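Scroll down for the structure; my scribbles are underneath it.
The values are calculated or read from the model by the stated rules, or taken from the named source; none is laboratory data. Everything numeric in this text was worked out from a predicted model, so none of it was measured. Reconstructed Cβ throughout: ideal geometry from the backbone, glycine too, with neighbour counts over all protein chains shown. When the accessible area is computed, the model is the full protein with side chains, heavy atoms only, and any ligands, DNA or RNA have been set aside. Shrake-Rupley method; radii C 1.70, N 1.55, O 1.52, S 1.80 Å.
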Amino acid sequence: MECARLNRYGLLTVTGADARDFLHAQLTNDIANLPSDRAALAGWCTAKGRLLASFLVIPSREGFLLQVARDLAPAVAKRLSMFIFRSKVKIADESDAWAQYGIWDADLKVDGVAWDGDTVAVRVGERRFLKISKGEAESCVQSEDAWTLQEIRAGRPLISAATQDQFVPQMVNFEELGAINFQKGCYPGQEIVARAQYRGQVKRRLVHVHTNLKPGEQFNGGIVVDSAAGEALAVMPV
């Protein structure tokens, strides 16, 4: 089993009686029907369908945890809160209160989401898990880049400040990752996202490349989304 402490992720908490309905109305995925023992990838878009953030939505006892890029967490929490209006919802950036770890080459008995007190384990792939905890920090041998490399090879993009507001969800393969539900009701940018899907208007796609460039930098006519150890995910012209 390999383990790395993860600092590239932040964490928002969304709580209150209307938390589920609120997130369902804002995000690209079906949160209304998300089981309590399953996590879901989702995007949050502008009215023009461009991704402001990518989330891993994790049900909790009080509502939901939203794993998001650490450099976006404060601004996203503030902007998302602007849409609460009269809903019974509270959004907080609790990035500093939770420690996050990536675990791989492991045989944990976790099928989806498993809570144990203030610690949650989330299965994100074959023998790959996230552990998010309010407990004392644990020591890990591996570097964070080793986990990022795992994510890159799995084709799981992370929208960060360097790539915010640049891609419609399909450009980062969100429909292939199950992060878009095309049957749900309206959310910001929904019309643009649906049109791109059904009219075949996506001319750029996320691919695995070899480069040392950083997120947001240009690469052969495309844009790097995530990178580590000479490998990267980049949105390239089809």
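Miscellaneous remarks
- Taking GluC sites (Glu not before Pro) across segment 127-202, the ones in a DSSP loop with at most 15 further Cβ atoms lying within 10 angstrom of their Cβ are 136, 138, 176.
- Calculated P(r) of segment 48-95 - Cα pairs past 13 Å, %: 62 percent
- Centre-to-centre separation between the Cα atoms of segment 199-238 and those of segment 116-191: 17 Å.
- Debye, to nearest 20: dipole size of segment 67-136, +1 on Lys, Arg Cβ, -1 on Asp, Glu Cβ: 460 debye
- Residues whose placed amide H lies under 5 Å from that of residue 205, excluding near-sequence neighbours: 236, 238
- Ratio of the Cα radius of gyration of segment 4-64 to 2.2 N^0.38 Å, where N counts its residues: 1.15
- Accessible area per residue, Å², segment 105-238 with all protein chains present, probe 1.4 Å: 50 Å²
- For residue 52, the residues 5 or more places off, or on other chains, whose built amide H falls under 5 Å of its own are 44, 45, 46, 165.
- For the chain, the cysteines with no partner cysteine C-beta closer than 4.7 Å are 45, 186.
- Entry note, the chain: the mean residue ellipticity at 222 nm calculated from DSSP H runs of n ≥ 4, each adding -39500 (n - 2.57), is -4500 deg cm²/dmol after division by the residues and rounding to the nearest 500.
- Cα-based Lys proximity count in the chain, under 25 Å, for pairs eight or more positions apart or on separate chains: 15
- Loop-located trypsin sites (Lys or Arg not before Pro) in segment 137-235 (DSSP state other than H, G, I, E, B) with a sparse environment of at most 14 neighbouring Cβ atoms within 10 Å: 199, 203.
- Projecting the Cα positions of 154, 212, 133 onto the charge dipole of segment 130-238 (unit charges on Cβ atoms of Lys, Arg, Asp and Glu, taken about the Cα centre) puts 154 furthest along the positive direction.
- The mean of 1/r over all pairs of different alpha-carbon atoms in the chain, once inverted, gives a Kirkwood hydrodynamic radius of 18.0 Å.
- log₁₀ of I(q)/I(0) at q = 0.17, 0.20, 0.27 Å⁻¹ - segment 110-171, Debye sum with one point per alpha carbon: -0.82, -1.01, -1.18
- Accessible carbon and sulfur surface of the chain relative to its total accessible area, %, 1.4 Å: 47 percent
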